[in-house]
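Encoded as structure tokens, the structure appears first; notes follow it.
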Amino acid sequence: MNLKYINKIKANIAIYASKKTSNILDGTYKSIYRGKSMNFENLREYVINDDIKDIDWKASARHQNLLVKQFIAEKKHNIMLLMDTGLKMAGDTDKLENKKNIALYTAGTIGYLGIKNNDYVGMIYNKHDEVIIKKLKYNLYNLEQYLTEYDKDATLTNQDGLEKTLEYLTHHNNKKMILFVITDLKGLNSLKTSVIKKLSMLYDVLFINITDAYLNKDSIYDLEEEKYIPSIFLNDKKLMEMEKETKNKIYESNKERLRKNKICLVSIGSFKEITPKIIELLESHKYVFFS
């Protein structure tokens, strides 16, 4: 099988790792687990963003250099990628990149990290009001297949069905999982607080918001209404400021709603943002239970 998506994801991670360090990404990925479900493996030199709690002070004093304990997972974990769908995903982000592509490569990057760390990765989304579940697997060929099928299915229907997918998951799954919900502002804002609370009780949950384009182009087609937005509304500075302010208020309100339930949220609008934003999300999740 040609790993079209996986190869692009690997290249993007490699570019980021060459600028920073792969230790930050690997160490941060492990921090998504509540508690230390890890076994001590060895010592390595401290790098920026390592948890200071992992510093071995005695060994550091002996070697006159900061050393941290490196852990390995005791067992495989279950990573579920819950994807938003619908015609809205055919639109653009605020960086004018395709929303579906950003969602797809964000999920793929998380899945790649999971499989690289010997975890199981699955996917779930809504297609024509039917919940599609991709089983938890632990190889890159399965992940490539899941990404291929999501790419084909994501924009086939006008209805997103995000809440139905979440409720289906809570009623039909009893496995312990780390759940990544990849949606947009409309999907995030549509969720009932009761559903969010239930999710937080059942799983480790992390949310990713795929951003939306603003009214700042010469021509914008409304996918859901199936018509062009009248030009009188485009490039109006006052209207643009009102739109940004409204979206920001909705985003911050939902971010606080998630925070109260120990759930972290980040926004991604471009391909180059994916790796650093995932790191930001994992780092936030590392400390959310102490906030």
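The values are calculated or read from the model by the stated rules, or taken from the named source; none is laboratory data. The structure displayed is predicted, hence computed values, not measured ones. Counting neighbours? That spans all protein chains shown, and the Cβs are built from the backbone with ideal geometry, glycine included.
At a glance:
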item	result
Options 147, 136, 166, 143; residue that is assigned to a strand (DSSP E or B) and within 19 Å of the chain's Cα centre (by Cα)	136
Search result, residues across the stretch 80-113 that are within 16 Å of residue 6 (Cβ to Cβ) and free of Cβ contacts under 8 Å to residues at least 40 places away in the same chain	111
Subset of the stretch 111-130 [β-branched (Val, Ile, Thr) and modelled with pLDDT under 95]	115
Residue in the stretch 140-156 that is under 24 Å from residue 273 (Cα atoms), buried (at least 23 other Cβ atoms within 10 Å of the Cβ) and touching a Ser or Thr at 6+ places or on another chain (Cβ under 9 Å) present	yes
Residue satisfying all of: in the stretch 169-184; buried (at least 19 other Cβ atoms within 10 Å of the Cβ) and not β-branched (Val, Ile, Thr); nearest to the chain's Cα centre (by Cα) among these	180
Check on residue 110, buried (at least 16 other Cβ atoms within 10 Å of the Cβ), assigned by TED's automatic domain parsing to the domain that holds residue 208 and over 23 Å from residue 270 (Cα atoms)	no
Residue among 94, 51 that is at pLDDT below 95, among the acidic types (Asp, Glu) and either surrounded by 20 or more Cβ atoms within 10 Å (Cβ to Cβ) or touching a Lys or Arg at 6+ places or on another chain (Cβ under 8 Å) (or both)	51
Residue that is closer than 29 Å to residue 108 by Cα, modelled with pLDDT of 95 or more and charged (D, E, K, R), where the choices are 184, 222, 160	184
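A quick yes/no check of all residues on (1) at pLDDT 75 or above; (2) farther than 20 Å from residue 94 by Cα; (3) not in a helix (DSSP H, G or I):
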site: 216; (1), (2), (3): no, no, yes
site: 239; (1), (2), (3): yes, no, no
site: 250; (1), (2), (3): yes, no, no
site: 253; (1), (2), (3): yes, no, no
site: 262; (1), (2), (3): yes, yes, yes
site: 277; (1), (2), (3): yes, no, no
site: 286; (1), (2), (3): yes, yes, no
